[in-house]
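**Student:** One structure follows; several queries about it will come next.
The values are calculated or read from the model by the stated rules, or taken from the named source; none is laboratory data. Predicted model, so just to flag it, every value in this text is computed and none were measured. Reconstructed Cβ throughout: ideal geometry from the backbone, glycine too, with neighbour counts over all protein chains shown. Accessible surface areas use protein heavy atoms only, side chains included; no ligands, DNA or RNA. Shrake-Rupley method; radii C 1.70, N 1.55, O 1.52, S 1.80 Å.
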Amino acid sequence: MKRILLRLGLIFGAWTAFALVAIVNVYLVRSKLGMTAEFWKTAAEIVLEYWVYAALTPPVLYVAHRFPFTSKNWPQTVVVHFACYMAFSWAAVGLDELLKVPIMLPKQFQGSTVWFRFLHTFYDSLWMYVPLIALSAAYEYYARFTERDKRAAQLEAQLTRAELEALRNQLHPHFLFNTLNSIASLMHEDVQGADDMIADLSYMLRAYLRDTNEQEISLRQELDLLETYLRIQKRRFEDQLSYTIDVAETLYNAAVPTLLLQPFVENAILHGIAPSCSPGHVTVSARQLGGHLMLTVFDDGVGFTPGEMEGIGVSNSRSRLKQLYGEDQKVELVSAPGQGTTVTVRLPFQFILPNAGSMVDEDPNLDRGRRTSGKTTNTVSTSA
């Protein structure tokens, strides 16, 4: 009801504004000619005439909405609107007669004032009816455009969330099964090590399976998940794998897409380090370069030949970054057989509140309280 009253108020307000413009115009003309007598009476008549059109505007807008012009039905629509225009003109005549709106009649006029008023109003009504139809059509087009744009944005957001879920699911069965097999084997040789792996796996699963639609977390939270993942892989590959995380503390609150680094590190381990006959090292680093955050994942493994097909994780990451940042992002892979692989990700540099967007907001040591530290040769390097 409030919405209807607001629209009616806007309609009468707009027509009143047009009436005021007409009144000012009449006043200026009459002042120039020295005919200012009975000006206020004329002004009242102008306002009354424009209010007649204001009263007829809602039904005209309804007709415009009900019978829009399209490429298929325009002949029928023209006929409908011509009939409505005739009805609009006669309705204006009827209201003018009812409200006794003055009309200039020729001297010694004899006959029906209704018919004369219709002939006088017929042309004026054309310039009232047609703009109303045009304005209604423009508004409908704008509404459809904005609704389509809104729907496209919603679909894009849904697609981004779906890709995030697909990326989460790449913790996949093979990683889970391999980890459980490693735990089973380790249980008979190193109970504490197996216990640590279970704690890390529990922590990762809780973070990965958490129901959240947030697309960005802090770099510190991302690195915490990544370090847990690396510890699990370290237990699996033992001396064949070592790693370094080199990130300045000043970058900890930089915003990064959730689970951005994991697929790149997974590729480095499974396709770079694992096939190699010699031990390998993975280095994850971050730095600020102007208005961008540069993230690098390097492995000294077997490398690959340029042109080889990217994995699903990497292609998903490219797509997510494009949806989140448009063209203001880049993923670059540099590799050669036997020379390792370097992945560089460029993102817009922006901060996220330390407690906002947290995908892992519980105590990170909740499941890792019994972990034995100092048994690996890995490095987590920070600098101020």
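**Student:** Within the set of pairs 6+ apart or on separate chains, which have a first residue in segment 87-105 that is within 18 Å of A54 (Cβ to Cβ) and hydroxyl-bearing (S, T, Y), a second that is crowded, with 18+ Cβ neighbours inside 10 Å and at pLDDT 70 or above, and C-beta atoms under 7 Å apart?
**Tutor:** Hits for this filter: S89/S125.
**Student:** For the condition more than 23 Å from the chain's Cα centre (by Cα), at pLDDT 85 or above, in a helix (DSSP H, G or I) and farther than 30 Å from R287 by Cα, what is the one hit in I133, I198, I183?
**Tutor:** Details: I133 fails: at pLDDT 85 or above; I183 fails: at pLDDT 85 or above.
Answer to the check: I198.
**Student:** Of the residues that sit in segment 237-266 and are under 15 Å from G301 (Cβ atoms) and touching a residue at least 60 places away in the same chain (Cβ under 8 Å), which one is surrounded by the fewest Cβ atoms within 10 Å (Cβ to Cβ)?
**Tutor:** T244
**Student:** Let me ask something additional. Which numbered condition trips up Q329, out of (1) surrounded by 15 or more Cβ atoms within 10 Å (Cβ to Cβ); (2) modelled with pLDDT under 90?
**Tutor:** All conditions pass for Q329, except number (2).
**Student:** Any idea which of G307, G374, G313, G357 is at pLDDT below 75 and part of a helix (DSSP H, G or I)?
**Tutor:** Working: G307 fails: part of a helix (DSSP H, G or I); G374 fails: part of a helix (DSSP H, G or I); G357 fails: part of a helix (DSSP H, G or I).
Among G307, G374, G313, G357, only G313 is at pLDDT below 75 and part of a helix (DSSP H, G or I).
**Student:** Which one is nearest to L5 (Cα to Cα) among residues in segment 50-76 that are among the hydroxyl-bearing types (S, T, Y), under 43 Å from the mean Cα position of the chain (by Cα) and surrounded by 16 or more Cβ atoms within 10 Å (Cβ to Cβ)?
**Tutor:** Residues of segment 50-76 among the hydroxyl-bearing types (S, T, Y): 50, 53, 57, 62, 70-71.
Now restrict to residues that are under 43 Å from the mean Cα position of the chain (by Cα): 53, 57, 62, 70-71.
Now restrict to residues that are surrounded by 16 or more Cβ atoms within 10 Å (Cβ to Cβ): 53, 57.
Details: Y53: 17, T57: 14 Å.
Top of the filtered list is T57.
**Student:** Could you list, ordered by first residue, the pairs with Cβ atoms under 7 Å in which the first is in segment 216-228 and closer than 15 Å to D246 by Cα and open to solvent by 10 Å² or more (accessible area, probe 1.4 Å) and the second is hydroxyl-bearing (S, T, Y) and modelled with pLDDT of 90 or more, at least 6 apart or interchain?
**Tutor:** R220/Y252
**Student:** If a residue must be outside any loop (DSSP other than H, G, I, E, B) and exposed (fewer than 14 other Cβ atoms within 10 Å of the Cβ), how many such residues does segment 333-349 contain?
**Tutor:** Within segment 333-349, residues that are outside any loop (DSSP other than H, G, I, E, B) and exposed (fewer than 14 other Cβ atoms within 10 Å of the Cβ) number 1.
**Student:** Also, quick follow-up: Would you check if V47 is out of contact with any Ser or Thr (no Cβ under 6 Å at 6 or more places or on another chain), surrounded by 11 or more Cβ atoms within 10 Å (Cβ to Cβ) and not in a loop (DSSP other than H, G, I, E, B)?
**Tutor:** Details: out of contact with any Ser or Thr (no Cβ under 6 Å at 6 or more places or on another chain): yes; surrounded by 11 or more Cβ atoms within 10 Å (Cβ to Cβ): yes; not in a loop (DSSP other than H, G, I, E, B): yes.
Yes; evaluated as a whole, the condition is true for this residue.
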